[in-house]
1. Anything in region 162-186 that is over 29 Å from Phe231 (Cβ atoms) and in contact with a Ser or Thr (Cβ under 9 Å, 6 or more places away or on another chain)? List them, or say none.
2. Looking at (1) in contact (Cβ under 8 Å) with a residue 60 or more places away in the chain; (2) open to solvent by 10 Å² or more (accessible area, probe 1.4 Å), find the lone condition where Gly515 falls short.
3. Given the structure, is Arg327 out of contact with any Phe, Trp or Tyr (no Cβ under 6 Å at 6 or more places or on another chain), modelled with pLDDT of 80 or more and within 16 Å of Gly382 (Cα to Cα)?
4. Looking at (1) open to solvent by less than 50 Å² (accessible area, probe 1.4 Å); (2) among the polar types (S, T, N, Q); (3) in a strand (DSSP E or B), can you tell me which one Asn523 breaks?
5. Can you name every residue in region 700-744 that is at pLDDT below 90 and among the hydroxyl-bearing types (Ser, Thr, Tyr)?
6. If you check every pair at least six apart or on different chains, which have Cβ atoms under 7 Å apart with a residue in region 580-597 that is of a type in the set (Asp, Glu) first and a residue that is open to solvent by less than 60 Å² (accessible area, probe 1.4 Å) second?
7. Do any residues in region 704-722 that are closer than 30 Å to Glu499 by Cβ have Cβ atoms under 7 Å from those of residues that are among the aromatic types (Phe, Trp, Tyr), where the two are at least six apart or on different chains, and which pairs are they?
8. Could you please find all residues in region 431-449 being within 32 Å of the chain's Cα centre (by Cα) and either surrounded by fewer than 21 Cβ atoms within 10 Å (Cβ to Cβ) or among the basic types (Lys, Arg) (or both)?
Amino acid sequence: MSILKKVISHEDIVAINAMTGAVAHPSVPHDQAERMLLVDDDPRMLSSLCELLQDIDCQLVTANCGKDAIEQLKKYKFEVVVLDLRLPDIDGHAIMDFILGNGIDSTVIVQSGNSGINSAIGALKRGAYAYLRKPYQTEELISAVTNALQKRRLEAINRNISWRLECSEKLYRYLVDSSPDLIYTLDAEGRFTFINETGQQLLGYAREELIGQHFSFLIHEEDKDRAHFVFNERRVGERASRNVELRLKCRDTDMQERVFDTRLMNIAFSSMGMYALSSKLKAPEFFGTYGVARDITERKRAEAQISYQAYHDILTDLPNRILFRDRLELALIQAKRNKSELAVMFVDLDRFKIVNDSLGHIKGDELLQQVATRLKENLRRGDTLARFGGDEFTLLLPDLRTREDAAAIAGKFVESMQGAFALSEHQVHVSASIGIAVYPDHGETIDDLLRHADMAMYQVKGTGKNGFSFYDQSMTDASFQKVDLENNLRRALDKGELEMYYQPQVDIRSGKIVGAEALMRWNHPQRGLLSAAEFLPFAEESGLILPVSDWMIRAVCQDILAWETAGAEPIKISVNLSPQYLDRGDFYKKLKETLLLYKVAATQIEVEITENVCIRNPQHAIEQLNQLCELGVSVAIDDFGTGYSSLAYLHRFPVKTIKIDQSFVKEIRSDKGQHPVVLAVISIARGLGLHLVAEGVETQLQAHYLERAGCAIMQGHLFHRALTRDQLTQHLETSPSNLLSRAI
């Protein structure tokens, strides 16, 4: 097949559609060029045909045998087929039979060198549009093709017009007969003269039963006065009645009364030439009304439902935050007037996130519903329990006689949480932390009471959970201190108040410093030197841990560069990473860029992660750590054995080093004592071929025990306290033998 020309042209159809605004019949092509198939076994004849027909607005496709022609007919739609009857494999009549047998809509123009009449008769019987006997005049072929295309286009236009007329007729018939609205007309006395089928569907009355009935037959008793003006509307245009709601009675006693939004207009006879003139008044005489009534019963129900949902929590059916604040505002007004007290409780579920993450949100929703049910069982009459959001609930206790009453209800809440919650095959336990604020001692506004109750709740969270506490001014002071510390930490990054210290790691056999753990310190302008434990938790909560970690990576690389410049022997620096920092997608990119910037070898950096990183998002962590290993950075697990220890993590994660936590080292008080956890960690490291570092070594006894057990690399105050960069530089220049004699 060869495609010689492709031009899309449907001007006639497009013009008709543009003029009428109609949608074309499906049989009219829109986005396809008209195609013409030229079938002849003579290449010269095909070439000649293409030359003759190249100015025809049509895509030309050629076939040099019957088989090829049939394949093209199967694949494409052709408006015109110029067919030679004499073909080497399949004759033209067989191809026409194929066209007829498969319902192919193509106009066939036959050309043949056969002078016999039977060929022409056979072609015409098979529906040939024209029969050209070779040799023929060029004008004959062009005229036949042009006329065939024009005929097809006109037929398409006619089909389109017929289709539009048919659709239009069906549309208007549907609008009247099947409209979802009730369409009706009344005579001058208010009797129905027409009503569509919707009246029977909505009201239960057949059309014949309503024709001739007065409109009052359907009107609810309480709406008849209003309906009198609506159904006798005589005004026209914009002054006519609009959107008047009426209740209509239904025939079926099981059906509730339905509410209709009725829009009525007087029939404007003068504009239609359908009016009767009064001989006395010489003016159009009113004799009827027509209107459209829409059933808005479901809308009214939906509005009521929406109004309810706007003030209630869909999941628990409790009042939501908006309704709670409204009721609290009213209760405050009443408490001020009566000079009485009220209490606001903030209830937060403990361990809910664990249940939600492990069992899924559906089970989490079921748990919230069961919690709401238990809490409601302990309410007094007049109390308001609301779901504030997530797993947080609030409680309003108006007309509070004593604080003991609030404490008693809070105690009941805590007690009600003690039993297990059944979530299908799972039995789960959650507790509640409750904060209480009392008006007027703890605040006189809605926001103050809610904020102080929230502070009291977090106080309970921080001291063990599963209890309740009243607000105290000291909680605000502590909160302000946290905010102040956070703000100061933000400024510390800009003012250069952060500094890196280093805890040396010593090979006890040689006394040589083989590495160091990077530790952050804050030179606070008022509070002095702060350890990482005093400010990094706030950085974690506030999200500052990301810029702080960025600074730490840069500072460590700068210090490594300074040691190399001073000629000190290079050592490996261990850097503790926050899980938040590791979760960030650009961590690897930032570390790599920083190493390149300061020309620091990746092998000099060891990243320390905790076991919690392994369980937060293990697959993501594996991907991040594998990238680090490919770069040359090694990975160590810090505090191994204190969290959710699993040998599977050691196999899945690219770990090179295990660090024995100092809590286990501190338990070594006797040279002959049994310390199975320490021995187990050392055995695991040895079996997996991992490096081992013991933290927090403070006594010679601990050092000897660990050395005999197989751990030679240690860090702790027995050897060195955390050192500044310059101090560590001096120690790196000191001989290993001096270090060993000083340590042991």
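The values are calculated or read from the model by the stated rules, or taken from the named source; none is laboratory data. Keep in mind it's a predicted model, so treat the numbers as computed, not measured. With ideal geometry, Cβ positions are generated from the backbone for all residues, glycine too; neighbour counts draw on all protein chains shown. Heavy atoms of the whole protein, side chains included, go into the accessibility calculation; ligands, DNA and RNA do not. Shrake-Rupley method; radii C 1.70, N 1.55, O 1.52, S 1.80 Å.
1. Trp163, Arg164
2. (2) is the only condition that Gly515 fails.
3. yes
4. With respect to (1) open to solvent by less than 50 Å² (accessible area, probe 1.4 Å); (2) among the polar types (S, T, N, Q); (3) in a strand (DSSP E or B), Asn523 is out only on (1).
5. Correct list: Thr729, Thr734, Ser735, Ser737, Ser741.
6. Asp583/His620
7. Going by the 7 Å Cβ cut-off, the qualifying pairs are Ala722/Tyr501; Ala722/Tyr502.
8. The answer is Ser431, Asp447.
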